[in-house]
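Let me begin by presenting the structure, written as structure tokens, before commenting on it.
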Amino acid sequence: MADKRETPDQLQHISKLPVPDVESVDEDLQKYMRICKEKLGLVPNVIRAFALRPEKLRTFIAKYNELMLGEHATLTRLEREMIAVVVSSHNHCVYCITSHSQAVREISGDPVLGDIIMINYREANLTDRQRAILDYAFKLTSNPAEVGDADRQKLYDAGLTHEQIFEVTDTTAYFNYTNRMTHGLGMLPNVEYFGMNRLPDPGLHKDAAE
């Protein structure tokens, strides 16, 4: 039987502003939340928090889906999720670090990659293209006024196209926005993210052997 633990004290709220009950939001947003629950096993707290302003939530969903799930994306999903982790790590955004490092673990199939990128992406085993993308995302986040032709040239040298450089920039800018919304609203991540796609518990193998 699964071990049902209570939500840790550190994660007792979704947002420091009021969070509407799911049943009280408009039907289209309730449907979206049901789809999240079916596909992800949870309704991300960011969706619940943004529901305070339904029109803002619709805009947030449209932009996220276009940027991260769109059919015309020129970056891989893993590249976009790694950008999210690097940006959020620099901005100390607990919510986005937690949720997007989990996505890196899931997409890459590597249970430690998300944590390494979260702490110091320069120590991760990355391709030259991935490293160039993350160097650019980090600089655009940490010191945007100094980004210039030389930085874009490094992306060209790594094989990126005009469209891909646009998308790296757009993705970086988007997660700087979401980080600031998360900080401003006092948003915390869903507890489920912390345990997803981790290394197996050694104790499970010990019990099985016995």
### Summary
Ordered by fewest other Cβ atoms within 10 Å, a rough proxy for footprinting exposure, His100, His13, His72 read His72, His13, His100
### Query
Which number comes out as Rg/Rh for the range 30-83 once both Rg and the Kirkwood Rh are worked out on C-alpha atoms?
1.00
### Task
Using the 4.7 Å Cβ rule, please list in number order the cysteines from the chain without any candidate partner.
Cys36
### Task
Rank the residues Ser99, Ser24, Ser108, Ser89 as a footprinting-exposure proxy: fewest other Cβ atoms within 10 Å of their Cβ go first.
Ser24, Ser108, Ser89, Ser99
### Summary
A student applying the Cα gyration tensor rule (rounded when a/c is under 1.5; otherwise prolate if a/b is larger than b/c, oblate if not) would label the range 54-164 rounded
### Message
Using only DSSP helix segments of four residues or longer, with each worth -39500 (n - 2.57), what per-residue ellipticity at 222 nm results for the chain after dividing by its residue count and rounding to 500?
### Response
-18500 deg cm²/dmol
### Message
Looking at the calculated P(r) for the range 18-108, what percent of the C-alpha pair distances fall above 20 Å?
### Response
41 percent
### Packing-based exposure ordering (other Cβ within 10 Å, fewest first) of Glu71, Glu167
Glu71, Glu167
### Summary
Row for the range 86-137, column shape: gyration tensor on C-alpha, a ≥ b ≥ c, rounded if a/c < 1.5 i.e. under 1.5, prolate if a/b over b/c, else oblate; value oblate
### Query
About its Cα centre, what dipole magnitude does the range 1-140 give when the only charges are +1 on Lys and Arg Cβ and -1 on Asp and Glu Cβ, stated in debye to the nearest 20?
220 debye
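Every number here is computed from the coordinates shown, using simple stated rules; none is lab data. Quick caveat, the model's predicted, so the values are computed rather than measured. Every residue, glycine among them, receives a Cβ derived from its backbone with ideal geometry; neighbour counts consider all protein chains shown.
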